[in-house]
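Below: one structure in structure tokens.
The values are calculated or read from the model by the stated rules, or taken from the named source; none is laboratory data. On a predicted model such as this, the values are computed, not experimentally measured, just so you know. Here the Cβ positions follow ideal geometry from the backbone for every residue, glycine too, while neighbour counts run over all protein chains shown. For the accessible areas, the whole protein counts, side chains as well, though only heavy atoms, and no ligand, DNA or RNA atoms are used. Shrake-Rupley method; radii C 1.70, N 1.55, O 1.52, S 1.80 Å.
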Amino acid sequence: MKRRLFLTGPDRCGKSEMIQLALGEKLRHAGGFVTLREQDAEGNILGFDLLAADGSGQKARFLEMTEGKPMTHLEVFSHEGVRLLNQAENRPFAVLDELGGAELLDDGFVRALVQLVRGPVPCIGVVKPLDSVGKTVGVMGLNLRYELARRVLYDYMMKDPNTLVIQTTGLEDDNAMAQIRQWVDEYVTV
């Protein structure tokens, strides 16, 4: 099994939940971060928060929907995101849930991410599917610089001999779940 494993697939199919299920209580030993979606009672997305993968600390809102328009706070990645990635270097493994969004426009975050994934810490996470780039650019008003950064990330993951990217359909994908559990058994020894 490769040291880094990333899931990709349709929005809201359960990729993050699959990782959380496989890790169970071991998640409290993880470095890295998770992305939390906040919704109102009708299911409308209010925003997205960054939180330490182990659940410690405070949530930091990096994307909020105000009057139907997204407002991105890249400074969350410059500060909290970089801090979480740097701390992950001292943990037994890292969760990176999820990559491929506006965080790729923050140079400090990208440098910290590259340092982490090139190091010895095993990583598991979620990466936005490549075909969602156009949708993300349109909805969030991101530019071509983002599109290029996303393509570079995806190309790196696909070519890196220590990274496995699994296309999944979600919680009912027994093959993907088996590979996640195998990764946990091999790399999460806490």
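Is it fair to say GLU186 is part of a helix (DSSP H, G or I), open to solvent by 80 Å² or more (accessible area, probe 1.4 Å) and either in contact with a Phe, Trp or Tyr (Cβ under 8 Å, 6 or more places away or on another chain) or acidic (Asp, Glu) (or both)?
Working: part of a helix (DSSP H, G or I): yes; open to solvent by 80 Å² or more (accessible area, probe 1.4 Å): yes; either in contact with a Phe, Trp or Tyr (Cβ under 8 Å, 6 or more places away or on another chain) or acidic (Asp, Glu) (or both): yes.
Taking the combined requirement at face value, the residue satisfies it.
Now, a different point. Does the range 47-56 include one or more residues that are of a type outside the set (Lys, Arg) and either in contact (Cβ under 8 Å) with a residue 60 or more places away in the chain or over 23 Å from LEU21 (Cα atoms) (or both)?
Narrowing the range 47-56 to residues of a type outside the set (Lys, Arg): 47-56.
If we keep only those that are either in contact (Cβ under 8 Å) with a residue 60 or more places away in the chain or over 23 Å from LEU21 (Cα atoms) (or both) as well, we get 47.
Checked against the condition, which is being of a type outside the set (Lys, Arg) and either in contact (Cβ under 8 Å) with a residue 60 or more places away in the chain or over 23 Å from LEU21 (Cα atoms) (or both), the range 47-56 yields at least one hit.
Which ones in the range 71-96 are open to solvent by less than 10 Å² (accessible area, probe 1.4 Å), outside any loop (DSSP other than H, G, I, E, B) and not aliphatic (A, V, I, L, M)?
Restricting attention to the range 71-96, the residues satisfying the condition of being open to solvent by less than 10 Å² (accessible area, probe 1.4 Å) are 77, 81, 84-85, 88, 93-96.
From the residues that got through so far, the ones that are outside any loop (DSSP other than H, G, I, E, B) too are 77, 81, 84-85, 88, 94-96.
Hits for the range 71-96 are PHE77, GLY81.
For the range 47-70, what are the residues that are part of a loop (DSSP other than H, G, I, E, B) and of a type in the set (D, E, K, R)?
Of all residues in the range 47-70, those part of a loop (DSSP other than H, G, I, E, B) come to 53-59, 67-68.
Across the range 47-70, the qualifying residues are ASP54, LYS59, GLU67.
How about the range 97-116: which of its residues are at pLDDT below 95 and either part of a loop (DSSP other than H, G, I, E, B) or in contact with a strand residue (DSSP E or B) (Cβ under 8 Å, 6 or more places away or on another chain) (or both)?
GLU98, GLY100, GLY101, ALA102, GLU103, ASP106
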